[in-house]
Amino acid sequence: MSAMLMMKQVTKTYGDGGQTMSVLHNLDLTVNEGEFVAVLGPSGSGKSTFLSTAGALLTPTSGEIYIDGEPLSNKDKRELTELRLQKIGFMFQSAQLLPYLKVEEQLLYVAKLAKLGTKEAKVRATYLLKRLEIWERRNHYPEQLSGGEKQRVAIARAWMNKPAILFADEPTASLDFQRGKEVVRMIAEEVKSEGKAAVMVTHDERMLEWCDRVLHLEDGILIEHL
């Protein structure tokens, strides 16, 4: 089993004028293929910083991060952008769909950025939209979709580039309980069926039944409660 994400002694500090604040402190984490990990923590505990750092959007102050075996520290800005396109999927609180693109076009746009072939992209988009039961809405614009439908499109888009790992930041925050559970279940199923990995940051403990491991971010350190 290969590690999709490995964080070794990762520290992230912010500071100016001699004052520094450590948000992540010597943090270690390994997420393997087929694993869905949840990270819990109160508001302000650094969950978003953790996710952005793990997902190569922020650079750690020290330590090393590996995505699908590749270390991030020796990559320049262009290489990191390429790595995110090829290896990483992101889901956010709000679906963040492009308002001027129809549902299917949202997915094909990601495929184009990730340099998937046109035919392969079309097949993949069809598969994901059908799997997530949003196929019949493929020619609709985001404004014509319900909150639950938008999040399902966001999941499909996040999986479109066949990433090694998906990072989900409070993906159920804008949904009711039933829709939220559905979204988390879909992430879990995709992780298992595709042999990928996912890390979800959430404050909603009701969403944890589909997760393989639950970690708590406390004082910048990840703690596993067995």
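Matching residues to (1) under 16 Å from the mean Cα position of the chain (by Cα); (2) of a type outside the set (A, V, I, L, M, F, W, C); (3) farther than 25 Å from E209 by Cβ:
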{"site": "V123", "(1), (2), (3)": "no, no, yes"}
{"site": "L128", "(1), (2), (3)": "no, no, no"}
{"site": "Q144", "(1), (2), (3)": "no, yes, yes"}
{"site": "G147", "(1), (2), (3)": "no, yes, no"}
{"site": "R152", "(1), (2), (3)": "yes, yes, no"}
{"site": "W159", "(1), (2), (3)": "yes, no, no"}
{"site": "I165", "(1), (2), (3)": "yes, no, no"}
{"site": "D176", "(1), (2), (3)": "no, yes, no"}
Being in a helix (DSSP H, G or I) and either touching a residue at least 24 places away in the same chain (Cβ under 8 Å) or of a type in the set (G, A, S) (or both) is the filter here, so list the residues in the stretch 163-185 that pass it.
F177, R179, G180, K181, E182, V183, V184, R185
Checking S45, S22, S2, S62 in turn, the sole residue that is within 27 Å of G195 (Cβ to Cβ) and either surrounded by fewer than 18 Cβ atoms within 10 Å (Cβ to Cβ) or in contact (Cβ under 8 Å) with a residue 24 or more places away in the chain (or both) turns out to be S2
Here, strands (runs of 3 or more DSSP E) confined to the stretch 1-41 with at least 2 residues that are farther than 20 Å from I223 by Cα are 3-16, 19-32
Across the stretch 117-162, the tally of residues that are outside any helix (DSSP H, G or I) and surrounded by fewer than 20 Cβ atoms within 10 Å (Cβ to Cβ) stands at 9
Which count do you get for residues in the stretch 86-96 that are over 19 Å from V191 (Cα atoms) and surrounded by fewer than 19 Cβ atoms within 10 Å (Cβ to Cβ)?
3
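All of the numbers you see were taken from the coordinates with simple rules; none came from a lab. Note that the coordinates shown come from a computational prediction; the quantities given were computed from them, not determined experimentally. With ideal geometry, Cβ positions are generated from the backbone for all residues, glycine too; neighbour counts draw on all protein chains shown.
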